[in-house]
Amino acid sequence: MPTRIYREGMTKLFFLSKLLLAILGAVVRQVFRRLSDGPLVASWSWSVELKMVALRVFLVASARGGDRSRRRALEAGFDPPLPRSLRHIIKTERATVGGIPGEWVTRDHARIDDPTILYLHGGGYLAGSPATHRRFISRLTWVTRATTFAPDYRLAPQHKFPAAVDDAEAAYVGLLEMGVEPGRLIVAGDSAGGGLSCALLQRLRDHDQPQPAGAVLFSPYTDLEHTAPSIQVNAATDYLPLGPVMANTFYLGEADPKHPEASPMYGDYSGVAPMLVFAGGREMILDDSLRLVEKAGADGADVLLRVEDDMFHVWPALLPNHEATLRTLTAVAGFVAARTKA
């Protein structure tokens, strides 16, 4: 046993060392490139550009050849503190809702009539957890004056489509069974969590469950075939490790990539809750948001799109103090207040 633990520890240390060296090398190269050619995007500060590059290298290097087991191992032990400004006014607690494990994020002095958010994290259905998104969820909880439950839904490749949709529905129904009123409930999510939110709205309608008061989607991932032209157009200004374009079969398995609960841009949005969609003008899956909004609008849904022209994928979670993030969170707070009549 001690020998196995030692080997596992050394393997993890070797992996982390390679990862850090890869990130450092990429950052140094980008510094010289920027000094020579200027910023990738005129409005980007040094910190924005280098963060994008570091994230890209981390995601590519931690999922070499499609193997995300080492990244998942790192995430399993990830337990970040809350942002310093929120540590004494926000608390987190592990819990289970509707049979789905997850994490509650609550404000001090929360009231019984505060809005509730069901937050579905991103990660391509392959990675991520309530912990990886804890800092962003805590900010979202604070600005919306809400209480948030983030389910730790099942991930691929161990759990393929529609496992994530099943878990999202179970958590939503669990909240209703706890007494949360649909009119005070907001569904939100980023990237895969945004696509999952869309799938959930359709599932709820088809299963005769009440719709939430609204849905907030940050850079929603709605096309698992990856057919968007923006993937190539914005490849230099985003960190997503899409590389050679191929369908997300890790999650899809043998399922039809055009299934509306897998690729929600093909869904039917008649009768679903109002949606507020955010997208970055420099992100690779910008077209996922554009196509989703076009389809939802054609189906008669109440949907509003806000594009931050110079931002990459899910910037509000990664650039907490950027003016684009502050605008986004202000818009979200207004939407939640209006929809829940807070």
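The values are calculated or read from the model by the stated rules, or taken from the named source; none is laboratory data. Every value quoted in this text rests on a predicted model; they were computed, and no experiment measured them. Because the Cβ atoms are built from the backbone with ideal geometry, glycine has one as well, and the counts that use them run over all protein chains shown.
The table below lists the values:
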read-out	value
Residue in region 216-227 that is closer than 17 Å to residue 298 by Cβ, crowded, with 20+ Cβ neighbours inside 10 Å and among the small types (Gly, Ala, Ser) present	no
Any pair with Cβ under 6 angstrom, 6 or more apart, that starts in region 270-291 at a residue that is closer than 11 Å to residue 305 by Cα and ends at one that is among the acidic types (Asp, Glu) and at pLDDT 95 or above	280/308
Residue tally, condition assigned to a loop (DSSP other than H, G, I, E, B) and closer than 14 Å to residue 160 by Cβ, over region 235-263	10
Region 81-92 residues that are surrounded by 12 or more Cβ atoms within 10 Å (Cβ to Cβ), paired with ones that are hydrophobic (A, V, I, L, M, F, W, C) and part of a loop (DSSP other than H, G, I, E, B) (beta carbon under 7 Å, 6 or more apart)	90/82
Qualifying residue in region 194-213 (condition: assigned to a loop (DSSP other than H, G, I, E, B), surrounded by fewer than 24 Cβ atoms within 10 Å (Cβ to Cβ) and touching a residue at least 60 places away in the same chain (Cβ under 8 Å))	yes
Considering residues of region 264-317 that are in a loop (DSSP other than H, G, I, E, B) and β-branched (Val, Ile, Thr) only, the residue surrounded by the most Cβ atoms within 10 Å (Cβ to Cβ)	285
Any hit, region 142-160, residues being more than 17 Å from the chain's Cα centre (by Cα), buried (at least 24 other Cβ atoms within 10 Å of the Cβ), part of a helix (DSSP H, G or I) and in contact (Cβ under 8 Å) with a residue 12 or more places away in the chain	yes
Residue among 41, 60 that alone is among the hydrophobic types (A, V, I, L, M, F, W, C), in contact with a Pro (Cβ under 9 Å, 6 or more places away or on another chain) and not in a strand (DSSP E or B)	60
Positions within region 117-141 being aliphatic (A, V, I, L, M), in contact with a strand residue (DSSP E or B) (Cβ under 9 Å, 6 or more places away or on another chain) and in contact (Cβ under 8 Å) with a residue 60 or more places away in the chain, in sequence order	117, 118, 120, 140
